1. Restricting to segment 146-166, count the residues that are within 18 Å of residue 133 (Cα to Cα), more than 16 Å from the ligand (Cβ to nearest atom) and in a strand (DSSP E or B).
2. Report yes if some residue within segment 167-181 is within 17 Å of residue 110 (Cβ to Cβ), assigned to a loop (DSSP other than H, G, I, E, B) and at pLDDT 95 or above; otherwise report no.
3. Assess whether residue 289 counts as being more than 23 Å from the chain's Cα centre (by Cα), surrounded by fewer than 19 Cβ atoms within 10 Å (Cβ to Cβ) and over 17 Å from residue 215 (Cα atoms).
4. Could you grab the pairs with beta carbons closer than 6 Å, sequence gap of 6+ or different chains, first residue in segment 102-115 and touching a residue at least 12 places away in the same chain (Cβ under 8 Å), second one surrounded by 19 or more Cβ atoms within 10 Å (Cβ to Cβ) and assigned to a helix (DSSP H, G or I)?
5. Kindly establish whether residue 196 is on the phi > 0 side of the Ramachandran plot and either surrounded by 19 or more Cβ atoms within 10 Å (Cβ to Cβ) or in the same structural domain as residue 16 (by TED's automatic domain parsing) (or both).
6. Residue check: is residue 320 touching a residue at least 24 places away in the same chain (Cβ under 8 Å) and more than 16 Å from the ligand (Cβ to nearest atom)?
7. Any residue that is assigned to a helix (DSSP H, G or I), more than 16 Å from the ligand (Cβ to nearest atom), surrounded by 20 or more Cβ atoms within 10 Å (Cβ to Cβ) and in the same structural domain as residue 48 (by TED's automatic domain parsing) - is there at least one of those in segment 221-238?
Ligand SMILES: Cc1ncc(COP(=O)(O)O)c(C=O)c1O
């Protein structure tokens, strides 16, 4: 038994529960992944990068930073990249929060938030979602006090799928004290087809306390490679870089991300396929009497107790979904996978 003294904050950290199931062995609709493998050009770029794996990658992912800055019309010192947007978020929270501070976010939302906040020693203020599964922006603002270091918004929200409008976020940011870091987690941005939905990159010029998070894990189908990024002001980016692990992004992940940006047509087509599938699945379920909220991501949400019943029925047929105390999240997969899911749903009565 070790006698190492761990930080007290660790005692209360929740454990991250990853979506279960090994793709290929079960139908895996539990982790909001893309069902398609990366484009062959992305795979080739990864293979090529492996031949120089004896060398360290760029300390800050300079080639990808340069590409992303050009793409979004930003300066390079406004872009940070890292091994997944989770890591960029972890660095951002570490840069602003410490013991006696609080970080505010909607709940239920992405389950990494309480862990990342807890690690810093700050406390989490979880603001319940509205009945429609959306952010209660008014209540979030009311919870801000002098000790608030950051607020996290997630649009579309994981796991409920609701998205925020550009107008809502702009009004929110006008009121939020500019000393508070505002994180807008847009991990599922590319799947959002709701009219007027927020695009955080449009707000960066007006709000230097804003950090927009995007990822290659979802729409770009690179979850296993770990690559995400943040877009923000030079000052926030510099603070994130200070706490980031040097060489955090591997040369393989960077090369693949660059290739994925160049293979935009494939990404557009695959995202289009998923959003079409999402609407097909939603229409069928709604026609059958299911009340499913707005779904802006590559997943749908069943609110309430019925989620547990659906999850059990799916599991009995080898289909993995992701259950939460408040409901069930089901990832939109390939057409075949979605049909398998819908087949099981035929035997369940809407509550
Ligand atoms: C809302 C949200 N943000 C961030 C992430 C993590 O993304 P990444 O793989 O880039 O770390 C996820 C992954 O499920 C997510 O749902």
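The values are calculated or read from the model by the stated rules, or taken from the named source; none is laboratory data. None of the values given here were measured: they were computed from a predicted structure. Please note: Cβ atoms are built from the backbone with ideal geometry, for glycine as well, and neighbour counts cover all protein chains shown.
1. 1
2. no
3. So residue 289 passes the test.
4. 103/117; 104/140; 105/113; 112/86
5. So residue 196 fails the test.
6. Taking the combined requirement at face value, the residue does not satisfy it.
7. Yes, segment 221-238 has at least one match.
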